[in-house]
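K.L.:
Below you will find the structure I want to go over with you.
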């Protein structure tokens with residue numbers, strides 16, 4: 001349990017705290033959720049940099065880091081969906097994201113059976129960054145709207161921009177999922 005892995009575990013611990021702040025109403029709760037999400041996202045950046053710089057890359061880290069990312073982003077998207085309300089477009093976005101995550105996790109488990117740990121690819125990392133950017137923007141928009149300092153038109157624009165960023169992240173998610181499955185398709189053929 002080296003420092004990068006401890007940071008990854010910290011991200012797992014921060015995830016339910018962020019979701020609670022997003023869902024439980026108290027003054028500035030969106031801002032608190034935003035700060036927790038940003039702090040958790042920074043642990044993702046730090047654990048990788050520290051692991052590479054000090055040669056602390058472990059199989060546990062390769063396995064746990066993507067899992068912690070999935071926990072954090074899925075919790076945030078679920079919370080956003082609850083806050084936006086009954087919005088079919090968010091349900092579709094979340095379904096596509098979760099489908100990709102289950103597919104990639106399945107491939108990783110098949111590879112792990114053979115003793116192979118599949119590290120995050122560039123496309124997978126880009127997907128995570130795009131998801132985090134869309135979540136940070138959306139949580140910021142929620143906090144701005146909650147302060148009541150914006151007009152109805154600006155609120156509509158913030159919601160539209162949030163949805164656009166979320167769908168850009170969904171596209172990146174689907175593309176990276178296809179790349180993972182294609183690159184590791186031999187595990188499906190063998191099993």
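K.L.:
Where does each of 77, 122 land when they are ranked from fewest to most other beta-carbon atoms within 10 angstrom?
P.N.:
By the 10 Å Cβ count, ascending, the order reads 122, 77.
K.L.:
Follow-up question, since we're still on this one. Helix-only estimate, please: 222 nm mean residue ellipticity of the chain, summing -39500 (n - 2.57) across DSSP H runs of length 4 or more and dividing by its residues, to the nearest 500.
P.N.:
Calculated from helices alone, the mean residue ellipticity at 222 nm is -29500 deg cm²/dmol.
K.L.:
Can I ask one more? Calculate the FRET efficiency for residue 154 and residue 38 from the Cβ-Cβ distance with a Förster distance of 25 Å, rounded to the nearest 0.05.
P.N.:
0.65
K.L.:
Using only Cα atoms, find the angle between the long axis of helix 122-147 and the longest principal axis of the chain, and express it within 0 to 90 degrees, rounded to the nearest 10.
P.N.:
20 degrees
K.L.:
Sticking with this structure for a sec: Measure nothing but the geometry: give the 0 to 90° angle between the long axis through the Cα atoms of 88-113 and the longest principal axis through the Cα atoms of the chain, rounded to 10°.
P.N.:
The helix 88-113 is inclined about 20 degrees to the chain.
K.L.:
Taking the Cα atoms only, what angle lies between the long axis of helix 3-23 and the longest principal axis of the chain, rounded to 10 degrees?
P.N.:
30 degrees
K.L.:
Using only Cα atoms, locate the centre of segment 1-62 and the centre of segment 96-129, then give the distance between them in Å, rounded to an integer.
P.N.:
With segment 1-62 and segment 96-129 each reduced to a Cα centre, they are spaced 19 Å.
K.L.:
Rounded to two decimals, what is the ratio between the C-alpha radius of gyration of the chain and 2.2 N^0.38 Å?
P.N.:
1.08
Taken together, the values in this text are just the output of simple stated rules run on the coordinates, not laboratory data. Predicted model only: the values in this text are computed from it and were never measured. Counting neighbours? That spans all protein chains shown, and the Cβs are built from the backbone with ideal geometry, glycine included.
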